[in-house]
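One structure below.
The values are calculated or read from the model by the stated rules, or taken from the named source; none is laboratory data. From a predicted model like this one, the values you see are computed outputs, not experimental measurements. We place every Cβ from the backbone using ideal geometry, glycine too, and count neighbours over all the protein chains shown. All accessible areas refer to the heavy atoms of the entire protein, side chains included, with ligands and DNA or RNA removed. Shrake-Rupley method; radii C 1.70, N 1.55, O 1.52, S 1.80 Å.
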Amino acid sequence: MDSQNILKIAANALNNKKARQLKALKIDSLTTLADYFLIATATSSTHVRALADEVEDVLKENEILPHHIEGKTTGWIVLDYASVIVHVFTPNEREFYNLDSMWSDAQEIDLSAILDEAEGD
């Protein structure tokens, strides 16, 4: 599956589980790490784990497995899907590590174009 579809599935999984400050950055012109970073803020460490689990479960249903997962017991979980790297933070961790600023040269993706409308809204 291509990176845009992985991004769409992961972004919708996070959005459906009430992730905050959802941001996608196209980083392929800046690094060979990945094509996209998907960054989300959770309301608590429990919510961080729930968001990460949801992304992992939904992508697994689409037969996409992570190459690596880091931080399962911290306030920052990284799910590495090679072309898409998902970062889920508590508010304090997101502010401290400030990936948004660190990768400010990256192109921000308009997620409104890829997020499904929430059911029941």
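Quick one: is residue 81 surrounded by 15 or more Cβ atoms within 10 Å (Cβ to Cβ), under 17 Å from residue 2 (Cα atoms) and touching a Ser or Thr at 6+ places or on another chain (Cβ under 7 Å)? Give the steps one after another, and end with the answer.
Details: surrounded by 15 or more Cβ atoms within 10 Å (Cβ to Cβ): yes; under 17 Å from residue 2 (Cα atoms): yes; touching a Ser or Thr at 6+ places or on another chain (Cβ under 7 Å): no.
Against the criterion (surrounded by 15 or more Cβ atoms within 10 Å (Cβ to Cβ), under 17 Å from residue 2 (Cα atoms) and touching a Ser or Thr at 6+ places or on another chain (Cβ under 7 Å)), residue 81 does not qualify.
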**OP:** From (1) β-branched (Val, Ile, Thr); (2) more than 14 Å from the chain's Cα centre (by Cα); (3) crowded, with 17+ Cβ neighbours inside 10 Å, pick out the condition that doesn't hold for residue 73.
**Re:** (3)
Original post:
Which members of the stretch 1-23 meet the condition of being open to solvent by less than 60 Å² (accessible area, probe 1.4 Å) and outside any helix (DSSP H, G or I)?
Top reply: 19, 22, 23
**OP:** Could you tell me which numbered condition residue 26 fails, if it satisfies all but one of (1) crowded, with 16+ Cβ neighbours inside 10 Å; (2) in contact with a helix residue (DSSP H, G or I) (Cβ under 7 Å, 6 or more places away or on another chain); (3) of a type outside the set (A, V, I, L, M, F, W, C)?
**Re:** (2)
Original post:
Is there a residue in the stretch 49-64 that is over 12 Å from the mean Cα position of the chain (by Cα), of a type in the set (Asp, Glu) and crowded, with 17+ Cβ neighbours inside 10 Å?
Top reply: no
**OP:** Take residue 93 and decide whether it is among the acidic types (Asp, Glu), buried (at least 18 other Cβ atoms within 10 Å of the Cβ) and over 15 Å from residue 7 (Cα atoms).
**Re:** yes
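Yes/no per residue for (1) modelled with pLDDT of 95 or more; (2) of a type in the set (Val, Ile, Thr); (3) under 21 Å from residue 52 (Cα atoms):
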residue	(1), (2), (3)
77	yes, yes, yes
85	yes, yes, yes
89	yes, no, yes
96	yes, no, yes
100	no, no, yes
105	yes, no, no
113	no, no, no
